[in-house]
Amino acid sequence: MRVLIVRLDHLGDVLLTTPLVRAAVKAGHEVHVLVRKACAAPFAGNPAVATHVIEEISPCFPRGWWHLGIWMRRGKFDMILLPYAKPRQLLPASALSGARRRIAMWSGLAGRLTLHQCLRSGIRSGERHFSDILLDCARAAGFPTDGLKPDFFLSASEIDQARAEMDSRFPGLRLVGIHPGCAGNTCNPPAADFGRLAALLLDHPGIALVGTGVPAETKLFDSWPESVLAHPRFYNACGEWNLRQLASHIANYATMVVPSTGPLHIAAAFAVPTVTAFCVYPPVSATVWGNLTPGSIVVSPPAEFCARRRAARPSENCDFEGQIRIEDLHCAVLQILEARAVPSPRS
């Protein structure tokens, strides 16, 4: 059976969809994924999946959505899965495909009107991890599931090359990544707080720090202390690596301080424990979005702070308004490093 899985939003969401992709592959089907070009990298090394990018299939999408529908129809897919049916134009495009089964989540009335099998997410309850929610598509399709760990396919040589680069720069030191930026509706401490954390960590001689981010996030490091930016055990790689290079380096970290964003889920793909500040509001909590790698640590503000703030502005994220203590993040990093006394780079 030819199965098409469509996910057209952020990197983190795409990574959390990979357990659904894996379930379809392990069920023995011919699996195709359609993603944005910026999110195709995790699938590049996966021989079991055919990857397509929306910018090539339907460059004007969501305008001219029927071009996508025509492509789907020409692909003769037996099943189309829309684990996040947005933009809404995905629904009529899927309806035009001729696929015998079409399953959608977050589709609303439009999903029913376009004759999709519509599934409810239940995300507002905050009771299940996001990957498990998406696996309801697999369950509805009759695919056996295979855990919640994300996939990011890298070659051993890519990981080895990243390791050699850092070994030459910081011989004998343990690597701690700090990724201060994020997108979407994620609550995240101010960038300056990550700089203060870096200063505390550099007091420990066996640690080297690597700062990362996309090119647009280079300004986040402007608020960091000059003593950190000029430190011989700090390397600012923000904007320097492509996505596969970033993943190769994360695979070699001892731990990483990162908000709820794409690199958090890259770390989960390589079983790297992380330190993350999370809001306790159920739909955006660590229960739904966290790294499930054993040893990962979540630092959260008092529950009453989140409840009070969300009651006033339920759809807005925040910078925790000083409720996340840098000292708690510092202690969490040291706790992970102590538990992982012998570094074990991923392969």
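The values are calculated or read from the model by the stated rules, or taken from the named source; none is laboratory data. Here the structure is a predicted model, which is why all the values come from computation and not from measurement. Virtual Cβ from ideal backbone geometry, glycine too; neighbours counted across all protein chains shown. Areas reflect the complete protein model, heavy atoms only, side chains present, ligands, DNA and RNA absent. Shrake-Rupley method; radii C 1.70, N 1.55, O 1.52, S 1.80 Å.
Whether any residue in region 196-206 is touching a Pro at 6+ places or on another chain (Cβ under 7 Å), in a loop (DSSP other than H, G, I, E, B) and not aromatic (Phe, Trp, Tyr) is what I want to check.
no
Return yes when Ala48 is farther than 21 Å from Gly111 by Cα, open to solvent by less than 60 Å² (accessible area, probe 1.4 Å) and among the small types (Gly, Ala, Ser) and no when it is not.
Here the answer is yes, as Ala48 does meet what is asked.
Please tell me if Leu20 is over 25 Å from Ala267 (Cβ atoms), in contact with a helix residue (DSSP H, G or I) (Cβ under 6 Å, 6 or more places away or on another chain) and in a helix (DSSP H, G or I).
no
When you go through Arg22, Arg36, Arg2 one by one, which is the residue that is more than 16 Å from Leu81 (Cβ to Cβ), in contact with an Asp or Glu (Cβ under 8 Å, 6 or more places away or on another chain) and open to solvent by 20 Å² or more (accessible area, probe 1.4 Å)?
Answer to the check: Arg36.
In region 182-213, how many residues are touching a Lys or Arg at 6+ places or on another chain (Cβ under 9 Å), of a type outside the set (A, V, I, L, M, F, W, C) and surrounded by 21 or more Cβ atoms within 10 Å (Cβ to Cβ)?
So the count comes out to 0.
How many of the residues in region 130-150 are closer than 10 Å to Lys26 by Cβ and under 16 Å from the mean Cα position of the chain (by Cα)?
Of the residues in that region, 0 qualify.
Considering (1) among the polar types (S, T, N, Q); (2) open to solvent by 20 Å² or more (accessible area, probe 1.4 Å); (3) closer than 28 Å to Gly213 by Cα, say which one Thr145 fails and leave the rest.
So the condition that Thr145 fails would be (3).
Find the helices (runs of 4 or more DSSP H) located wholly in region 253-312 whose residues include 2 or more that are open to solvent by less than 20 Å² (accessible area, probe 1.4 Å), hydrophobic (A, V, I, L, M, F, W, C) and within 15 Å of Lys149 (Cα to Cα), and list them.
Here the list reads 262-269.
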